[in-house]
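Shown next, in structure tokens, is the structure this report addresses.
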Amino acid sequence: PDAEKTPGYWNKGARRRLELALALQPAARRAKNIILFMGDGMGLSTISAARIYKGQLAGGSGEESVLAMETFPHMALAKTYTIDRQVPDSAGTGTAYLCGVKSNAKTLGLSGAAVYGKCHTTFGNEVDSILHRARLESKSVGIVTTTRVQHASPGAAYAHSASRTWYADANMPREALRDGCKDIAYQLVHNTDINVILGGGRMYMTPKWTPDPEYPEDSAQNGTRKDGLDLIAKWLSGKQDARYVWDKKGLDAVDDSVSHLMGLFEPKDMKYELKRDTSTDPSIVEMTEKAIRILRRNPKGFFLFVEDEIDHGHHSGQAKQALTETVMLDRAVARAGELTSPSDTLTVVTADHSHVFTFGGNTLRGTSIFGLAPKKAKDKRAYTSILYGNGPGYSIRNGGRPAASLPAAEDKDYRQQAAVPLETETHSGEDVVVLAQGPMAHLFYGVQEQHYIAHAMAYAACIEPY
């Protein structure tokens with residue numbers, strides 16, 4: 001726009017931002033409610049690219065767009081390494097930002113004294129999450145995720161497991177079962193009284209051979225439990241006002257006045273937003289809204305954990321899937337802001353880790369975020385702005401790199417090129433951003449260890465140990 005060519009345009013914008021900064025006052029009061037949004041794999045480059053994508057979806061050039069999460073007044077950076085890894089996984093990081101201690105990779109809700117895969121190291125090394133401690137303070141608590149509810153990130157909110165992959169007893173080694181360890185699905189039902197549980201993961205909750213309600217003809221989607229337990233029935237029993245649903249129609253029909261709601265919408269992980277059947281599966285925005293409407297009825301407040309699995313798109317080297325998930329998480333942040341007030345609700349948005357995802361190539365203003373760099377590479381072939389450091393996008397044909405082209409690169413399943421061949425793209429080790437608004441949001445400042453997030457949230461709400 002011509003206006004951007006004048007210094008006055010930029011000076012006016014900067015002055016407005018200065019005035020906002022000068023008016024900013026710390027909200028030093030207790031938070032009644034806490035909402036933690038966690039973009040799994042949402043590194044800074046992912047946020048930047050999603051911002052552009054959001055603007056382009058709205059018909060603009062994209063670069064000047066603003067995500068809802070970017071309007072939060074306070075921010076910090078979090079160091080994501082685990083005790084044993086420079087580049088972390090989602091279990092070790094989940095234990096950090098939910099339980100307040102750094103731990104070893106692939107372990108859930110355990111201190112660093114626990115050893116991955118060794119059941120006997122579980123006992124005596126358990127650490128409780130802020131979700132669990134909030135429930136002990138009589139707050140309502142909830143989990144919303146687009147992955148399976150037994151996955152690493154939500155699992156850290158309630159489970160103590162020497163392995164993040166012990167989803168059901170069928171996934172556990174005999175030794176672990178013999179030593180007395182329980183699978184993550186079992187712990188979901190028995191460890192903490194969680195008011196709202198929304199996501200995927202049906203197959204881990206029912207006995208082996210139990211047909212899936214959505215895919216009854218597909219035996220691969222059947223229940224997997226060897227112990228014969230029906231954990232859904234167990235969860236419902238003993239609760240006066242509890243509901244279980246498995247599709248969007250059921251979710252929409254649930255009255256907000258129920259005390260407990262479990263919604264499991266897929267046998268394993270929920271589908272990408274770009275592949276979601278909008279008639280059968282709810283979006284992360286719809287799940288977040290339902291959770292808040294139920295949880296906020298508690299006069300003592302609530303704690304809600306919301307995760308979007310941006311991560312799986314990156315692991316597949318499919319940037320459009322990952323960036324669409326990021327935009328959807330941001331829409332959930334915006335909707336939560338409409339349903340709550342920053343006067344009593346601390347809202348935190350962060351990531352567990354980043355990915356080897358980047359965009360560059362001297363692209364011009366307004367270029368599609370999934371488009372091509374304006375000049376060809378040294379091999380005289382076109383390339384996309386978005387590239388991955390490693391992953392399944394590595395390709396050599398006829399002794400060289402295949403040229404990228406449009407409109408193929410805009411397709412939802414397009415796999416961007418990678419420098420190093422791997423079956424799945426990896427996480428990266430750089431810091432992630434923490435954005436916050438509401439009571440005590442100013443506690444998020446500077447560069448922090450990731451486990452500090454759990455402590456700042458607990459302090460804000462006066463939850464143990466504060």
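Can we say ILE369 is of a type outside the set (Gly, Ala, Ser) and in contact with a helix residue (DSSP H, G or I) (Cβ under 6 Å, 6 or more places away or on another chain)? Yes, satisfied. Take the conditions surrounded by fewer than 23 Cβ atoms within 10 Å (Cβ to Cβ), among the hydrophobic types (A, V, I, L, M, F, W, C) and under 28 Å from GLU137 (Cα atoms) and apply them to ALA253. Does it pass? Taking the combined requirement at face value, the residue does not satisfy it.
Across the range 4-46, the qualifying residues are those that are among the hydrophobic types (A, V, I, L, M, F, W, C) and under 26 Å from THR80 (Cβ atoms), and the one among them that is nearest to the chain's Cα centre (by Cα) is MET38.
Among the residues here, MET38 does not qualify as part of a strand (DSSP E or B) and open to solvent by 50 Å² or more (accessible area, probe 1.4 Å). Determine whether ARG148 is charged (D, E, K, R) and closer than 22 Å to ALA461 by Cβ. No; evaluated as a whole, the condition is false for this residue.
Flag not set for SER61, criterion: within 22 Å of the chain's Cα centre (by Cα) and either buried (at least 19 other Cβ atoms within 10 Å of the Cβ) or under 30 Å from GLN318 (Cα atoms) (or both). MET270 falls short on exactly one of the conditions (1) within 26 Å of GLN321 (Cα to Cα); (2) open to solvent by less than 10 Å² (accessible area, probe 1.4 Å); (3) touching a Gly at 6+ places or on another chain (Cβ under 8 Å), and that condition is (2).
Matching residues to (1) in contact (Cβ under 8 Å) with a residue 40 or more places away in the chain; (2) of a type in the set (Val, Ile, Thr); (3) closer than 19 Å to HIS260 by Cβ; (4) touching an Asp or Glu at 6+ places or on another chain (Cβ under 8 Å):
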{"site": "ALA105", "(1), (2), (3), (4)": "no, no, no, yes"}
{"site": "LEU110", "(1), (2), (3), (4)": "yes, no, no, yes"}
{"site": "THR121", "(1), (2), (3), (4)": "yes, yes, no, no"}
{"site": "ILE130", "(1), (2), (3), (4)": "yes, yes, no, no"}
{"site": "ALA157", "(1), (2), (3), (4)": "yes, no, yes, no"}
{"site": "ASN171", "(1), (2), (3), (4)": "yes, no, no, yes"}
{"site": "ALA185", "(1), (2), (3), (4)": "yes, no, yes, no"}
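Of all residue pairs spaced 6 or more apart or on separate chains, those with beta-carbon atoms under 8 Å, a first member in the range 252-277 that is on the phi < 0 side of the Ramachandran plot and a second member that is among the hydrophobic types (A, V, I, L, M, F, W, C) and open to solvent by 50 Å² or more (accessible area, probe 1.4 Å) are MET262/LEU236; GLY263/TRP246; LEU264/TRP246; PHE265/TRP246. Residues in the range 203-218 that are surrounded by fewer than 24 Cβ atoms within 10 Å (Cβ to Cβ) and in contact with a Phe, Trp or Tyr (Cβ under 9 Å, 6 or more places away or on another chain): ASP212, PRO213, GLU214.
How many of the residues making up the range 219-242 are touching a Lys or Arg at 6+ places or on another chain (Cβ under 9 Å), surrounded by 18 or more Cβ atoms within 10 Å (Cβ to Cβ) and part of a loop (DSSP other than H, G, I, E, B)? Residues that pass the stated criteria total 3. Per the listing SER140, SER153, the residue uniquely farther than 25 Å from GLY41 by Cβ, crowded, with 24+ Cβ neighbours inside 10 Å and either touching a Phe, Trp or Tyr at 6+ places or on another chain (Cβ under 9 Å) or free of Cβ contacts under 8 Å to residues at least 60 places away in the same chain (or both) is SER140. Per the conditions (1) of a type in the set (A, V, I, L, M); (2) open to solvent by less than 10 Å² (accessible area, probe 1.4 Å); (3) more than 15 Å from the chain's Cα centre (by Cα), the sole criterion not satisfied by ALA68 is (2).
Scanning the range 272-329 for residues that are of a type in the set (S, T, N, Q) and under 21 Å from ALA152 (Cα atoms) yields SER283, THR288, SER316, GLN321, THR326.
Taken together, the residues in the range 121-171 that are assigned to a strand (DSSP E or B) and closer than 27 Å to THR224 by Cα amount to 9.
Note on the range 172-201: residues that are surrounded by fewer than 24 Cβ atoms within 10 Å (Cβ to Cβ), in contact with a Phe, Trp or Tyr (Cβ under 8 Å, 6 or more places away or on another chain) and not in a loop (DSSP other than H, G, I, E, B) total 3.
To keep it simple, each residue is scored yes or no on (1) touching a Gly at 6+ places or on another chain (Cβ under 6 Å); (2) open to solvent by 10 Å² or more (accessible area, probe 1.4 Å); (3) of a type in the set (Val, Ile, Thr).
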site	(1), (2), (3)
GLU286	no, yes, no
ILE292	no, no, yes
PRO299	no, yes, no
GLY313	no, no, no
MET328	no, yes, no
ALA332	no, no, no
SER343	no, yes, no
THR350	no, no, yes
HIS353	no, no, no
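Let's see how each residue does on (1) surrounded by 15 or more Cβ atoms within 10 Å (Cβ to Cβ); (2) acidic (Asp, Glu); (3) over 13 Å from PHE72 (Cβ atoms):
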site: LEU422; (1), (2), (3): yes, no, yes
site: GLU430; (1), (2), (3): yes, yes, yes
site: LEU435; (1), (2), (3): yes, no, no
site: VAL447; (1), (2), (3): no, no, yes
site: GLU464; (1), (2), (3): no, yes, yes
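The values are calculated or read from the model by the stated rules, or taken from the named source; none is laboratory data. Bear in mind that the values here come from a model prediction, so they are computed numbers and not experimental data. Cβ atoms come from the backbone with ideal geometry, glycine included; neighbour counts cover every protein chain shown. Accessible surface is based on the protein model in full, side chains and every heavy atom, while ligands, DNA and RNA are left aside. Shrake-Rupley method; radii C 1.70, N 1.55, O 1.52, S 1.80 Å.
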